[in-house]
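Report on one structure; see the data block that follows.
Only the coordinates and a few stated rules stand behind these numbers; no lab work does. Since the model is a prediction, treat every value here as computed from it, not as a measurement. All Cβ positions, glycine included, derive from the backbone under ideal geometry; neighbour counts span all protein chains shown.
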Amino acid sequence: MADGVTLNPMAGGKIVDTEEVTRNAETVELQRIKLVLGAVDVDGGDVSAANPLPVQGNVADQATDSGNSVKVGMYLFSSAPTPKVGWRMPVQSDYFGNTMVSLGALISLLIGGMESHTIGVAPFRRADAFEAVLESANVTSATAVVAAPSNTNQSIYITDVTISTDTIGWIKLQDNAGSPNTIVPKKYFNTNGHYTHTYAVPKRIIAGNALNVIAQNAGNVSVEVNGYIY
C-alpha cells in the first residue's frame, strides 16, 4: 500500500498525507500533521526555524516544581573553547561532571583562585582531595611524594605542606620535569628541624607532573602534603 489516503476515491476526493508503517504485523497508515501556531481562530504561521514553537516551564520562576528534571548534556573540554559573538556554545563540564560557570570563575578569582565548581568548599572536603605522606632515611635523590595524575591534563594543587628532619641541611620540593621546577624552595634545617605552611592560594604544579622531595644530606625525613588534583 502506498503512502497517502484518498478520501472518497470514487469521486476524486482529497488526498490525506500519510506514511505506511507496520504495526503488530499489520500494515497501517499514520497521518502526517503539520504544526501551525496561533490562538483560537488565529493563524500564527507554520512552525519553522524563523517561527519556532514556544516552550515554557509549567511553574513560575522560583516556585515549587515536581516531576522529572530536564536532562542537559555537557561537553568535556581539556581547555575552554574561545566563544565568539553569535555562536552557540555547549555547556562545559569539568572532569567530575560539574558544570563550569563563567561567573563562578570570576568570583573565584576574587576569593583566592578556587575553581568555579568548588566556591565555598573547603579543600579537604573536595572529592579529589588527598593526603600524601613520605618517610625516608635518604632522599638525596629526588623521591616522589605525590605521583603524577593519571590524566595528564590535570594538576596537583598543594594546600598544606609539613616537612621535618633529624639532620642538618636543606630540603626542597620540586616537580619531576626534565629540568625540575621548584615548588617549595630550599628550607634550611637544624637537627630535628620542622617546617609547615598553609597556602591561601593553592600551589599548582604543572599539569601531568609529579611532586618530588630532595634533600642535601642523608637522614630521616618526613613530608606530609595535603591538596587535591584537578
Legend entry - Proximal lysines to LYS172, defined as alpha-carbon separation beneath 18 angstrom and excluding residues fewer than eight positions away on the same chain: LYS186, LYS187, LYS203
Inset, instruction - Can you bin the stretch 124-229 into rounded, prolate or oblate? Criterion: square roots of the alpha carbon gyration tensor eigenvalues sorted a ≥ b ≥ c, rounded for a/c under 1.5, prolate for a/b above b/c, oblate for the rest. - result: prolate
Inset, instruction - Note down the nm distance, to one decimal, between modelled labels 7 Å out along Cα→Cβ at ILE206 and at ASN181. - result: 0.6 nm
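What's the FRET efficiency of THR82 with ALA50 using the Cβ-Cβ distance as r and R₀ = 30 Å, to the nearest 0.05?
Details: r = 29 Å, r/R0 = 0.95.
E between THR82 and ALA50, to the nearest 0.05, is 0.55.
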Inset, instruction - Calculate one ³J(HN,Hα) per residue across the stretch 43-49 by plugging θ = phi - 60° into the Karplus curve 6.51 cos²θ - 1.76 cosθ + 1.60, and present them in order as whole Hz with x for glycine and proline. - result: 8, x, x, 5, 6, 7, 4
Legend entry - Proximal lysines relative to LYS34, as straight alpha-carbon distance under 23 Å, when same-chain residues fewer than 8 apart are discounted: LYS14
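With a sphere of radius 15 Å drawn around the Cβ of PRO185, what net charge do the other residues whose Cβ falls strictly inside it have (Lys, Arg +1; Asp, Glu -1)? The partial results should precede the final answer.
Working: positive: LYS172, LYS186, LYS187, LYS203; negative: ASP175.
That works out to +3.
THR140 to THR162: FRET efficiency via 1/(1 + (r/R0)^6), r the Cβ-Cβ distance, R0 22 Å, to the nearest 0.05?
Details: r = 20 Å, r/R0 = 0.92.
The formula returns an efficiency of 0.65 here.
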